[in-house]
Amino acid sequence: MATVFSHHPPEPLEEAEPSVLDSADPLGIRAGRAMRIDLLALLKVDTQIGTIWLGTWGILSTLSFLAGLLVFYIGALDQAGGSFWVMVRYFGNIQLAPPDGLSLAHSLRDGGYWQIVTGFWAFSVLFWAGRLWERLARHKWRPFLLWAWLSAIFLTSVIWVWHPLLVGSWSDAPALGLNADLQWAQNFSVLWGNLYYNPFHQLAIFFLFGSTMLWGMHGATILATSSEGSHHEDAEIKNMTSGSQKAALFWRWTMGFNAFPKSIHDWLWWFAVGVVLSSGIGILATGTMTNNWYAWGVDHGTVLQYGPMTRSSINQHPRPMPPMTGPSGYMPAQGKI
Amino acid sequence: MRLSMSQSMETFERDYKKPGNTIFQALLGGVDPFDVWLGPFYVGFFGIVSITAIVLGVLVILISVGQYGDWDLWRANIPSPLRQYGLGPAPFLHGGAWQLVVVLATVSFVAWGLREVDICRKLEMGFHIPAMFSLAISAWVVLQILRPLAMGCWCEGFDLSFTGHLTWVSNTGFRYMNFYDNPFHAYAVLGFFLTAMVLAMHGSAILGTYNTDPDPNVEMRREDSFWRDYVGYSIGEYGIHRLGFYLAVYTLIMSDLCIFTSGTLVKDWVQFWHPF
Amino acid sequence: MRHQIFATLLFALTLTAGCAIKPVGDEAAAATVNSGPTINTGEKSGGTIGTDVPANPQATYGPTDQNQKLDFSTQPAGVPHAYVGGRLYNVQVLKQYDYPGLLGQMAYVTQALGVSCQYCHVTTNYAYDTPTKRIARTMMIMVSKLQSEHIDAVHKAFPNYVVTGAVGCATCHRGSPIIPVKYNVVPVGYLDWPAKSSRQAGFVVNSMYSAARSLGVNCLFCHNSADFITLQYYPTNQIAHRMWHMVDDINHKYLPPNIPAVTCFSCHKGNKWPEALVVGGTDETPVQVKAIRPEVHENPGAFPASGVP
């Protein structure tokens, strides 16, 4: 009867086999020292921490991220009136807002900071995708994780770039800041007619709750049968032993059908990626397909209407946003940077 | 016993289909008359209870929707009772149907969970799955039963319908001003997003490495090596299932808390952060 | 070792970067703020108010300087150089009262504002015009115009929502000459929908929160969140919209530029209706405030928009 530690002999630390692909990268270093933290064995997780691969992609990604962080810090300090401790105290309220319209901000405080930080962090996630691509190839994985990451980038780029472009103003993107991001979620939904009625949003919620449900199911199933080795999933895919058989039979008897050690991971993957893909499409559709999702729902019969609707909330097909001229609502910056 | 993915399960299922070991038998002794299979489904005493509750519940739904007349799947609605009925029974069309369906649904969920326990006993596996399922139905119970009880009227439960439950969620959020300011909600949302991310990671890991090498130890080492290169840590094949399981547990607990405290302890989540 | 020094230097550099950047505070405040609303001088009022709103009241209000040198060259015609008690001089707004009646109204004013006579009057010459008196006149005209132009119209359209009484000095002042400002609402033009951006929507949402807290209610008092914008669902929504116009009027037409803007809270003070109301017009006699139909305020969604029972 295999134990859960069977593949972790306590003595040697695992290091990746050297490969010519590693040395092809001038910045290709496995950094740090692999350490063993025995306390983790209590949690029944792997006890080795480290090493981590640096690599050119990783270095570039980290540098971009840090550059953006630096500019964020400068902008935050500026907003706190130059006082470091005020900034610390009100850090949640720091808000680097995007400019109005679609052009380059005319000053740092009126959207310049936002554009710079967002630009750096966009590059950072793209470089990270490169890192992912390269490491997956090196370790001969099929690139599922890359598609998942790219889907996540799809969603964030829709929110920060494509949707603002489509509706004609950067100001529809979230501002950079803790409370600001939270408020954006609220304000976006209020502005666009209540996103609960966006069918892609509904699909995304289905996938999100479904993901948690699937983790509950799959995690519980493996933990329940792990005494018979079901957690050695690669081995079980080749040859189902009693653990996986019991896992499959549990679900067959419960709900009439079941997955297998490999196919369950298809379910998991598609539900997880479904969340970000649906959300991305939903945000793309906002402001283009309609400017009021409740009204859209009424028009398409998916929504129980509560009463007659006024002109302002009637479903309006692509309505271009007027350029925001005049006061942006914030105190206009008097000094120029 | 060798088995590839594509072979049918009936070949080994026979070995596991043993009578006995059910809760019914443990409590009442003797022979369990429901200890049979119907096709792939296990029946069991609790299976009978569950399916009966489901059938009755569907009947109530059909009658109620029929009374209202709107059969459209998106719009057909079974509303929760009006406020004036408080915690008492309501007439059928003004909440009584809702009350019946909620009771029957809860009975069927609990019975389903106990049936899962029966199956676990038969298969001699751990009880993690029914434990997780109990947490899932706890969300239903908190929303439709415990919170209305705490708030003093059944009207606090959500309408049973597509639009109805959506609008309920939206209105309940705004009833407490800004639900994003509810810290339990924020923790739950974090839990949901983390769960989705970790799910994608685990799915990608297995789908990325299965059957790339005849030796599963090599495949597993490839997994570990990749994760260590990529993020500096590989949690391991047992650990990842623990992580996912407990993330789901954490998320559900936070969700329960976020809705249970709204309206009972806190009536304005914006003010919650600066009470004075 | 080297990378540690480098990291420290980088950290120190970013800290000092804050000193190089000018703070946002002073210049923005010193630069042009709104030039301010001007008092509408051309408007004739109805009812018992016969005079126009005085033009350009001076910028300082507050306790009148009792030791000031009286300069009669700038005073209106009716002000006597030597004041004799028991008679009325220089009455511009409260014209319908005789002497004891006027004193009674003054008593209500002092009670409502929590001040004594010296606050507005020079006690050696009660008829003498002071800036504080002038702003008081503006306020009296404002109060009766708000009632006639805004509130009476709402009462007519929504008879179910009527609350007995009219707005008066006490409604806002509640025993203090300076009203504490609470919350923040946008001008009514901002409520134009669809908003131009998520950010504008955010200002509106914040205003809605302010309005809700000012009335001691939650969002669902006026809205069904499925469709926030439609005004026709709940009469409370339509009433609130009209009230918003009234607040705009107060801030732009009646209040002089250097007074902080009023919000819903200024009158409502956390209640669905203000609890300090008066007889009306220029009559500041307090009344017992009562809602005609209290149940409509409990569940606005249950009652038809027209307000007809």
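The values are calculated or read from the model by the stated rules, or taken from the named source; none is laboratory data. What you are looking at is a predicted structure, and each value in this text was computed from that prediction instead of being measured. Because the Cβ atoms are built from the backbone with ideal geometry, glycine has one as well, and the counts that use them run over all protein chains shown.
At a glance:
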{"quantity": "Residue list for segment A:259-286, filter: at the interface with chain B (Cβ under 7 Å from one of its Cβ atoms) and outside any helix (DSSP H, G or I)", "calculated": "A:260, A:262"}
{"quantity": "Residue pairs meeting the criteria (Cβ under 9 Å; at least 6 apart or on separate chains; first touching a residue at least 40 places away in the same chain (Cβ under 8 Å), in segment B:141-155; second assigned to a helix (DSSP H, G or I) and of a type in the set (Ser, Thr, Tyr))", "calculated": "B:142/B:255; B:144/B:106; B:145/B:106; B:146/B:138; B:153/B:85; B:154/B:85; B:155/B:85"}
{"quantity": "Check on residue C:260, more than 14 Å from chain A (Cβ to nearest Cβ), surrounded by fewer than 19 Cβ atoms within 10 Å (Cβ to Cβ) and under 29 Å from residue A:97 (Cβ atoms)", "calculated": "yes"}
{"quantity": "Residue count, segment A:35-57 (criterion: within 9 Å of chain B (Cβ to nearest Cβ) and part of a helix (DSSP H, G or I))", "calculated": "3"}
{"quantity": "Residue match in segment A:188-196 (condition: in contact with a Pro (Cβ under 9 Å, 6 or more places away or on another chain) and part of a helix (DSSP H, G or I))", "calculated": "yes"}
{"quantity": "Members of segment A:226-256 that are in contact with a helix residue (DSSP H, G or I) (Cβ under 8 Å, 6 or more places away or on another chain) and more than 7 Å from chain B (Cβ to nearest Cβ)", "calculated": "A:227, A:228, A:229, A:230, A:236, A:241, A:242, A:243, A:244, A:247, A:251"}
{"quantity": "Boolean, residue C:183 is touching a Lys or Arg at 6+ places or on another chain (Cβ under 9 Å) and under 30 Å from residue A:180 (Cβ atoms)", "calculated": "yes"}
{"quantity": "Enumeration of residues in segment B:69-84 that are outside any loop (DSSP other than H, G, I, E, B) and within 11 Å of chain A (Cβ to nearest Cβ)", "calculated": "B:77"}
{"quantity": "Scan of segment B:85-113 for residues that are in a loop (DSSP other than H, G, I, E, B) and crowded, with 20+ Cβ neighbours inside 10 Å, ordered by number", "calculated": "B:90, B:95"}
{"quantity": "Lone unmet requirement of (1) more than 7 Å from chain A (Cβ to nearest Cβ); (2) at pLDDT 95 or above for residue B:213", "calculated": "(2)"}
{"quantity": "Subset of segment B:29-47 [hydrophobic (A, V, I, L, M, F, W, C) and modelled with pLDDT of 85 or more]", "calculated": "B:34, B:36, B:37, B:38, B:41, B:43, B:45, B:46"}
{"quantity": "Residue among C:275, C:284 that is more than 26 Å from residue A:171 (Cβ to Cβ), buried (at least 21 other Cβ atoms within 10 Å of the Cβ), modelled with pLDDT of 80 or more and of a type outside the set (Gly, Ala, Ser)", "calculated": "C:284"}
{"quantity": "Residue among B:180, B:238 that is within 10 Å of chain A (Cβ to nearest Cβ), touching a Lys or Arg at 6+ places or on another chain (Cβ under 6 Å), in a helix (DSSP H, G or I) and aromatic (Phe, Trp, Tyr)", "calculated": "B:238"}
{"quantity": "Residue list for segment A:46-61, restricted to those being closer than 25 Å to residue B:246 by Cβ and surrounded by 18 or more Cβ atoms within 10 Å (Cβ to Cβ)", "calculated": "A:46, A:47, A:48, A:49, A:52"}
{"quantity": "Among the residues listed as B:231, B:198, B:249, B:189, the single one being closer than 17 Å to residue A:271 by Cα and facing chain A (nearest Cβ under 9 Å)", "calculated": "B:198"}
{"quantity": "Any chance residue A:249 is within 26 Å of the chain's Cα centre (by Cα), part of a helix (DSSP H, G or I) and not basic (Lys, Arg)", "calculated": "no"}
{"quantity": "Members of segment B:241-271 that are farther than 30 Å from residue B:174 by Cβ and either assigned to a strand (DSSP E or B) or of a type in the set (D, E, K, R) (or both)", "calculated": "B:242"}
{"quantity": "Qualifying residue in segment A:158-167 (condition: assigned to a helix (DSSP H, G or I), modelled with pLDDT under 90 and not acidic (Asp, Glu))", "calculated": "yes"}
{"quantity": "Residue in segment B:114-134 that is modelled with the lowest pLDDT, counting only those that are assigned to a helix (DSSP H, G or I) and surrounded by fewer than 19 Cβ atoms within 10 Å (Cβ to Cβ)", "calculated": "B:121"}
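Okay, residues lined up against (1) assigned by TED's automatic domain parsing to the domain that holds residue A:90; (2) over 19 Å from the mean Cα position of the chain (by Cα):
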| residue | (1), (2) |
| --- | --- |
| A:181 | yes, no |
| A:211 | no, no |
| A:214 | no, no |
| A:229 | no, yes |
| A:234 | no, yes |
| A:241 | no, yes |
